[in-house]
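Step one of this worksheet: look at the structure below.
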Amino acid sequence: MARVLVSEKIADGGLDALRAAGHEVDVRLGLAPEELVEAIKGAHALIIRSATTVTPEVLDAGTDLIVVGRAGIGLDNVDVAHATTRGVMVVNAPQSNILSAAEQTMALLLAQARNIPQAHNALVQGRWERSKWEGVELADKTLAVIGLGRIGKLVAQRAMAFGMRIIAHDPFIAPDRARAMNIELVSLDEVALQADFLTLHVAKTPETIGLIGAEFLAKAKPELRVINVSRGGIVDEAALAHAISTGQIAGAALDVFEKEPTTESPLFSLPSVVVAPHLGASTREAQDKAGDTIAEQVGLALAGEFVPFAVNVAAAEASETVRPYLGVAEQLGRLFAGLGAGTPASVEIEYQGELAGYDTRILTLSVLKGLFGTMTDEPVSYVNAPQLAAERGIEVKDSSTSSSVDWINLISISGGGHQIAGTLVGLKADARVVQIDGHSLDVPPSANLLVVRNDDRPGVIGRVGTILGNAGVNIADMDVGRSSQAASALMVIATTQPAPAEVVDALRACDGVTEVAVAAGA
């Protein structure tokens, strides 16, 4: 089975599940960057948390790498773009710590409002400073939530229970949806003008780095308190320290920092600042959920199945109707690649029947995975198949129709003057090729398939069979398809072993044979 390298502490339950599946779990904690480059060699999966940085050097060294699993949400420590180029799937556990992060936000919001850490420190040091640490109530204050995703919505719900008025800034949320949650969407400038408290729940991207900086803070109310439990760097720490020390705003509470781990910051010396060492996901429940989830996702990736939380796969989760067709879609892609002499300028994929009512993007990826798996020595996966199509200038079109004449479901691929279609049949859902270049037939998508176009006249099939028999090539299955639009037939022959090149040449020279293609469905 596969070797899974684990570079940070993960809950035992998830690792035990991988071991139970037969995988070798190689736990190596505290690896230096250069040690990780060496350790990744021969590993099929890498599981990390936030302290491990997955660089292009690491990905290039991991020539056997199939998947990188991040036990948590943030992926700013993984070069996702380079992983995609390498065909390496990147998965995370986006729902594992949302409740813990929301609760940590509320904890810091309350700690900031009531100066709890400062009062605690004074008391344990022997100072009864009751009047010094006067706080403010949350009721009737305005909380601005920047990023109204899963965590942001949980924070908003909890803040409403304290009697707070909620405004939000999120360009990806429709105003009607926000109003349904009793939240008013406003611009970032309006946030600065209205907010008494501000919480951040956005991903770290080039657009969000420094989002709360000197320009924003200069517009803010002097009562503003900033809480950040999302990612370090979204708040400009130097600008924030300056704004607090000069009285521009009232204070801040931070769980994340631009550079981690850190023990130095201009914020640490300010009495109106509360800090924590990135504890947003540090609950027993979140750790267990993250470990279990990432182990499950890595296991699916290693098994070649669809992975729901893959961040660099352009498809939704496969439904129960779509999932059984992943294999035959990939097989059809491989067979289609063998029908033509070159790469087609465009590939059209049509889904007929019940499949038309579902999201079929994952099936398109399966077709491309099979297609390019025969064309390149590079690893091909759901991840980089679309990129390979773009690099080769191949236009990929897909369409759906609910009508299907002969089959409940049908997948058809066409392009470059060729076409192939397949489906699943019977109680066992066996894969079958049912059409090639307009000829109806019924054969399994064999690993060794000969597609022989011939004149539709007596004796040709016998001569083809004789050539194969004399060469010791055994026929496992065979069907002959005829087209009503041409005086030709199509023999599709599944063989138990690959036909040698000289045998293929003999078939092409056979009287009555007009074309021979060699295709591999597995």
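The values are calculated or read from the model by the stated rules, or taken from the named source; none is laboratory data. Quick caveat, the model's predicted, so the values are computed rather than measured. As a convention, Cβ positions derive from the backbone with ideal geometry for all residues, glycine included, and neighbour counts pool all protein chains shown. Accessible surface is based on the protein model in full, side chains and every heavy atom, while ligands, DNA and RNA are left aside. Shrake-Rupley method; radii C 1.70, N 1.55, O 1.52, S 1.80 Å.
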*asked:* Being open to solvent by 40 Å² or more (accessible area, probe 1.4 Å), free of Cβ contacts under 8 Å to residues at least 12 places away in the same chain and among the acidic types (Asp, Glu) is true for just one of GLU320, GLU296. Which residue is that?
replied: GLU320
*Can you give me the ranges of the helices (runs of 4 or more DSSP H) entirely in region 121-234 with at least 2 residues that are within 21 Å of ASN97 (Cα to Cα), under 32 Å from the mean Cα position of the chain (by Cα) and hydroxyl-bearing (Ser, Thr, Tyr)?*
none
*Pick from region 91-100, criterion open to solvent by less than 10 Å² (accessible area, probe 1.4 Å) and of a type in the set (Gly, Ala, Ser), ranking: farthest from VAL380 (Cα to Cα)*: SER96
_Could you go through region 49-57 and let me know if any residue there is touching a Ser or Thr at 6+ places or on another chain (Cβ under 7 Å) and β-branched (Val, Ile, Thr)._
yes
*In region 71-90, how many are assigned to a strand (DSSP E or B) and either without any contact (Cβ under 8 Å) to a residue 60 or more places away in the chain or open to solvent by 10 Å² or more (accessible area, probe 1.4 Å) (or both)?*
2
_Of the residues ILE167, ILE173, only one is modelled with pLDDT under 95 and surrounded by 18 or more Cβ atoms within 10 Å (Cβ to Cβ); which?_
ILE173
*asked:* When you scan region 198-219, do you find a residue that is out of contact with any helix residue (DSSP H, G or I) (no Cβ under 6 Å at 6 or more places or on another chain), surrounded by 15 or more Cβ atoms within 10 Å (Cβ to Cβ), touching a residue at least 40 places away in the same chain (Cβ under 8 Å) and among the polar types (S, T, N, Q), even just one?
replied: no
*Got a number for residues in region 444-471 being in contact with a helix residue (DSSP H, G or I) (Cβ under 8 Å, 6 or more places away or on another chain), open to solvent by less than 20 Å² (accessible area, probe 1.4 Å) and of a type in the set (A, V, I, L, M, F, W, C)?*
6
*Given the conditions (1) in a strand (DSSP E or B); (2) closer than 30 Å to GLY304 by Cβ; (3) open to solvent by 70 Å² or more (accessible area, probe 1.4 Å), which single one is not true for THR514?*
(2)
*Tally time: how many residues in region 326-337 are more than 18 Å from ALA301 (Cα to Cα) and either open to solvent by 20 Å² or more (accessible area, probe 1.4 Å) or touching a Phe, Trp or Tyr at 6+ places or on another chain (Cβ under 9 Å) (or both)?*
4
